[in-house]
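Colleague: Following this message is one structure expressed as structure tokens.
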Amino acid sequence: MGCIFCNIIEGKADASFIHKDDDVVAFMDIRPVSKGHLLVVPIQHGSSPEDLPEEIVTKTFETALRIARGVKTSELAPAGINLFLADGKAAGQEVFHLHVHVIPRYGDDGFHISADAWAEAPPDRAELGDTASIIQRAI
Ligand code: 5GP
Ligand code: ZN
């Protein structure tokens, strides 16, 4: 089974493109969660940021930010924007070719972000500090 995003990049499958350069493309998501939902995709195949050269991942995010700025000033006139990357199945990744979602938001647009933890008491400062230390030691 081939990679659908590689097929799109190679012109073997259809997509509505917004941007193409030597490293990165952007095209409309086939199943948009809101009007203007698009994907920014490095040409080089890799599932996770660690699978690709850092400058390619950086350029992918820079392109996503630039396109998001354009979307904001476009006729779509969204009230806000979400940038989203799913890294791994547990994070909701369904297409294992890295991509950044640019999702224009329109107030009560039916796209919801929720967490069971929000129903619970927030962690105290000590717990936040311990977690911060775990991350600090790894970077
Ligand atoms: P993920 O969950 O991996 O972050 O998101 C994958 C995204 O790719 C989904 O939003 C889905 O709608 C989109 N997608 C899946 N197949 C295709 C396709 O063939 N063409 C386009 N343009 N988008 C696709
Ligand atoms: Zn691919």
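The values are calculated or read from the model by the stated rules, or taken from the named source; none is laboratory data. Small disclaimer: the values here were computed from a predicted structure and weren't measured. Note that we place each Cβ from the backbone using ideal geometry, even for glycine, and neighbour counts take in every protein chain shown. Side chains are part of the model used for accessible areas, which takes the heavy atoms of the whole protein and leaves out ligands, DNA and RNA. Shrake-Rupley method; radii C 1.70, N 1.55, O 1.52, S 1.80 Å.
Colleague: Could you tell me how many of the residues in region 1-31 are touching a residue at least 12 places away in the same chain (Cβ under 8 Å) and near ligand 1 (Cβ under 8 Å from one of its atoms)?
Modeller: Looking only at that region, the number is 9.
Colleague: Give region 1-12 a look and list any residue that's within 11 Å of ligand 2 (Cβ to nearest atom), at pLDDT 95 or above and not in a helix (DSSP H, G or I), or say none.
Modeller: Within region 1-12, CYS3, GLU10 meet the criteria.
Colleague: Can you list residue pairs whose Cβ atoms sit under 9 Å apart, with the first residue in region 77-89 being open to solvent by 40 Å² or more (accessible area, probe 1.4 Å) and the second being of a type in the set (Phe, Trp, Tyr)? Count only pairs 6 or more apart in sequence or on different chains.
Modeller: Correct list of pairs: ALA77/TYR106; ALA79/TYR106; ASN82/PHE111; LEU83/PHE61; LEU85/PHE61; LYS89/PHE96.
Colleague: Being at pLDDT below 95 and either open to solvent by less than 100 Å² (accessible area, probe 1.4 Å) or part of a helix (DSSP H, G or I) (or both) is true for just one of GLY46, GLY70, GLY107. Which residue is that?
Modeller: Just a single option satisfies the conditions, and that option is GLY107.
Colleague: Which of the residues belonging to region 110-139 are of a type in the set (Gly, Ala, Ser), assigned to a loop (DSSP other than H, G, I, E, B) and more than 26 Å from the chain's Cα centre (by Cα)?
Modeller: Answer for region 110-139, where residues must be of a type in the set (Gly, Ala, Ser), assigned to a loop (DSSP other than H, G, I, E, B) and more than 26 Å from the chain's Cα centre (by Cα): just ALA121.
Colleague: Continuing with this model, one more query. Does region 53-63 contain at least one residue that is open to solvent by 30 Å² or more (accessible area, probe 1.4 Å), within 16 Å of ligand 2 (Cβ to nearest atom), part of a loop (DSSP other than H, G, I, E, B) and in contact with a Phe, Trp or Tyr (Cβ under 9 Å, 6 or more places away or on another chain)?
Modeller: no
Colleague: Here's another thing I want to ask about it. Could you go through region 90-107 and let me know if any residue there is under 30 Å from ASN7 (Cα atoms), over 12 Å from the mean Cα position of the chain (by Cα) and among the hydroxyl-bearing types (Ser, Thr, Tyr).
Modeller: Checking region 90-107: not a single residue is under 30 Å from ASN7 (Cα atoms), over 12 Å from the mean Cα position of the chain (by Cα) and among the hydroxyl-bearing types (Ser, Thr, Tyr).
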